[in-house]
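*Asks:* Sending over a structure as structure tokens; questions will come in a sec.
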Ligand code: CA2
């Protein structure tokens, strides 16, 4: 089982700013946790981060036939991107939307997700642990479907 982890814009700043919202872990910490969790469940995981919407769209488009499922933290594009939503729907791969913070406790514009309706699940508010939980959940989903 091969999984793809995608992280969207500004998530490379994790660990450098806004620790009250996002914690003090780095993007590398999150990617390493996701990879070790995947291995624990007999899967492999590759990770990619981009600030560029089109690069994320392309990564999703190229995932079909290579990966069995996707975990994506689309970051701010969650709340704006029809292109990412269409890419996820077109890829037809089970996808989990992940957020570090609980977006429902934050500004109203973060309460809407363009991407969640085309994902099998959405997980948010667990900080770094969410990266492990999302992998565990996606592996379980793929084993059942
Ligand atoms: O909680 C999440 O994971 C978010 O996807 C993070 C996005 C935000 O736009 C979403 O509403 C919720 C922002 C990512 C920016 O990451 C930073 C990390 C450290 C310092 C500054 C920004």
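No value in this document is a laboratory result; all are computed from the given coordinates. Keep in mind that what you see is a predicted model, and the values were worked out from it rather than measured. Heads up, the Cβs are rebuilt from the backbone with ideal geometry, glycines too, and the neighbour counts pull from every protein chain shown.
*Asks:* Sort through 104, 145, 79, 99 and tell me the only one that's within 13 Å of the ligand (Cβ to nearest atom) and exposed (fewer than 14 other Cβ atoms within 10 Å of the Cβ). Even if it seems obvious, please write down each step before you answer.
*Replies:* Numbers: 145 fails: within 13 Å of the ligand (Cβ to nearest atom); 79 fails: exposed (fewer than 14 other Cβ atoms within 10 Å of the Cβ); 99 fails: exposed (fewer than 14 other Cβ atoms within 10 Å of the Cβ).
Going through 104, 145, 79, 99 in turn, the sole match is 104.
*Asks:* Within region 13-31, which residues are within 8 Å of the ligand (Cβ to nearest atom), part of a helix (DSSP H, G or I) and surrounded by 14 or more Cβ atoms within 10 Å (Cβ to Cβ)?
*Replies:* 22
*Asks:* On to the next question. List, please: which pairs have Cβ atoms under 6 Å, are six or more places apart or on different chains, and start with a residue in region 110-128 that is in contact (Cβ under 8 Å) with a residue 12 or more places away in the chain and end with one that is surrounded by fewer than 17 Cβ atoms within 10 Å (Cβ to Cβ) and part of a loop (DSSP other than H, G, I, E, B)?
*Replies:* 124/102; 125/102
*Asks:* Any residue that is loosely packed, with under 15 Cβ neighbours inside 10 Å and within 11 Å of the ligand (Cβ to nearest atom) - is there at least one of those in region 117-128?
*Replies:* Going through region 117-128, the residues loosely packed, with under 15 Cβ neighbours inside 10 Å turn out to be 117, 125.
Now drop any that are not within 11 Å of the ligand (Cβ to nearest atom), which leaves 125.
Checking region 117-128: at least one residue is loosely packed, with under 15 Cβ neighbours inside 10 Å and within 11 Å of the ligand (Cβ to nearest atom).
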